[in-house]
């Protein structure tokens with residue numbers, strides 16, 4: 001019971017924000033329309049049970065005129081006018097189609113809002129970066145945003161509207177069944193509306209058994225979502241690293257890794273199959289028995305002449321509706337287990353984002369009045385707690401060029417990340433002049449999806465960058481041959497060589513015109529002549545910019561006026 005209470009609280013915490021958002025007006029209007037249409041379908045089902053009674057009575061009495069009138073436009077039977085089946089069916093189809101259409105409209109609007117909210121929170125305060133470093137248990141954020149949000153919205157609407165239908169159907173047909181079933185004498189005791197009590201006992205026992213049999217599906221569905229996402233992520237990794245795998249001849253090892261992940265997927269799937277088989281044995285048998293059970297129970301009254309054939313059919317139909325409404329849990333148990341798993345994954349992801357955004361560890365950028373970028377009292381550590389740098393201090397003036405060197409693994413790239421304000425392990429402060437623009441270029445530039453123009457202008461909006469500036473930047477960095485392909489969409493991170501990607505990153509520098517430029521082995525893939533040309537280009541085009549470079553090559557020192565070295569956990573002047 002405590003687990004169910006926790007699930008309901010978590011599900012409500014995920015559901016509530018949308019219905020209190022700026023979109024709530026249209027969302028509530030759509031929901032109201034869907035609810036009204038759903039209730040209309042229930043009402044038409046009630047009408048159909050009375051229609052069935054008149055229809056089967058006409059068959060029993062061989063009343064052809066009434067029979068055909070009830071098939072088409074409608075007519076009078078036993079003193080009551082009934083609409084024809086053709087009329088009811090046409091109205092039912094129309095309502096069912098628009099109920100589904102409007103529900104899907106609500107579904108995509110809700111999912112769109114949730115996706116934007118989760119993307120905003122995941123990307124804000126670099127939570128995506130911190131989670132990747134500090135919380136490996138929060139796996140596959142792409143799957144949680146793309147798939148789990150879709151499943152959550154779909155399941156909540158489907159199950160919620162289904163539950164509402166079941167409740168309305170239950171109250172509607174309980175009255176019908178009560179009036180039809182009459183009393184039953186058991187050991188001298190008269191039980192009124194006995195068919196209602198039979199349906200209640202049948203449904204309660206079925207629900208209890210379904211929960212006992214299907215409970216393992218909750219855990220299995222949670223694991224299945226995870227292993228499916230792990231396998232898909234591994235496939236994406238192969239796609240994004242085709243050249244490295246090909247150069248290493250790593251196909252056999254990649255295949256072993258992929259098959260190992262798929263093995264975990266299949267083993268869990270077999271568990272789901274086994275649990276589903278047990279549950280389906282029960283639910284299929286439960287449904288089959290339910291289809292004949294009310295007729296068997298009501299048959300003695302029919303054979304005794306207490307009710308006509310139409311009354312027997314109406315009783316059976318009403319019993320089926322009541323039993324079906326009370327068996328909602330049985331019918332949707334498998335889907336409920338999926339919703340349990342989805343809510344747990346989304347709640348965990350939401351919690352991880354909140355923790356990551358609230359975490360203030362690590363040196364953080366602080367706007368200041370000092371015209372230089374300064375790092376003060378910085379102690380930088382690895383995720384395992386090992387300290388890389390102690391009491392590091394650094395000052396970068398505008399127009400100054402500083403070189404940072406050191407042995408591999410000494411902490412140079414960690415210093416680079418700390419200056420960018422993204423490293424969450426350690427302490428200290430990074431002071432950045434008020435309003436100053438800083439640009440950080442890592443060794444492997446990030447190339448976004450889309451056109452080459454977007455890749456060159458990133459992270460600026462490509463539509464706001466003049467075409468002439470983009471073309472000139474590409475010419476200046478030696479990528480003029482790519483200008484005719486600016487509007488092409490391609491996998492540019494694989495189409496361009498390592499050197500071309502680094503040239504493209506320098507084109508971004510020319511377009512962004514930063515006040516401070518930080519480079520971490522940003523020319524390592526270029527030959528010395530190209531490297532020198534790019535450094536001279538930066539000095540020429542951005543003479544007032546402060547430049548800090550992390551590099552190994554001695555030739556790079558010629559383009560810097562001051563040198564620092566990371567050694568033995570200290571940042572020292574050379």
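Readers should treat all values here as calculations from the given coordinates under stated rules, not as data from a laboratory. The shown structure was predicted, so the numbers you read here are calculated from the model rather than taken from an experiment. Ideal geometry is used to build each Cβ from the backbone, glycine not excepted, and the neighbour counts take in all protein chains shown.
Computed from Cα positions, the angle between helix 24-60 and the longest principal axis of the chain comes to roughly 30 degrees. Between the helical axis of 333-358 and the dominant principal axis of the chain, each derived from Cα atoms, what acute angle in degrees is found, rounded to the nearest 10? Orientation of helix 333-358: about 30 degrees from the principal axis. The C-alpha atoms of the chain define a longest principal axis, and helix 194-214 lies at about 30 degrees to it. Here region 359-432 was treated as a single set of alpha-carbon atoms; its pair distances binned every 5 Å from 0 give 4, 16, 28, 26, 17, 7, 3, 0 percent.
Here 265, 70 are placed in order of increasing Cβ neighbour count within 10 Å, fewest first, which gives 265, 70. The alpha carbon gyration tensor of region 107-159 gives principal lengths a ≥ b ≥ c with a/c of 1.5 or higher and a/b no greater than b/c, which makes the shape oblate. The spacing between region 485-520 and region 255-295, judged by their C-alpha centroids, is 51 Å. Which entry in (1) 81, 58, 41; (2) 72, 69, 48; (3) 109, 52, 49 matches Cα extents along the principal axes in Å derived from the coordinates of this structure? Recomputing Cα extents along the principal axes in Å here gives the entry labelled (3). Once you reduce region 56-81 and region 113-155 to the center of their Cα atoms, the two points are 59 Å from each other. Counting other Cβ atoms within 10 Å as a rough exposure proxy, the listed residues 540, 397, 521 run 540, 397, 521 from fewest neighbours to most.
The DSSP beta bridges internal to the chain are antiparallel in roughly 50% of cases. For region 249-374, what class follows from the C-alpha gyration tensor (a ≥ b ≥ c being the square roots of its eigenvalues): rounded when a/c is under 1.5, otherwise prolate if a/b is larger than b/c, else oblate? Here region 249-374 falls in the oblate category.
The Cα atoms of region 341-485 give a gyration tensor whose axes a ≥ b ≥ c have a/c of 1.5 or more with a/b no greater than b/c, which makes the shape oblate.
Computed from the C-alpha gyration tensor, the three semi-axes of the ellipsoid equivalent to region 364-573 are 30, 18, 17 Å, from longest to shortest. The ranking of 381, 327 from fewest to most other beta carbons within 10 Å of each one's beta carbon is 381, 327.
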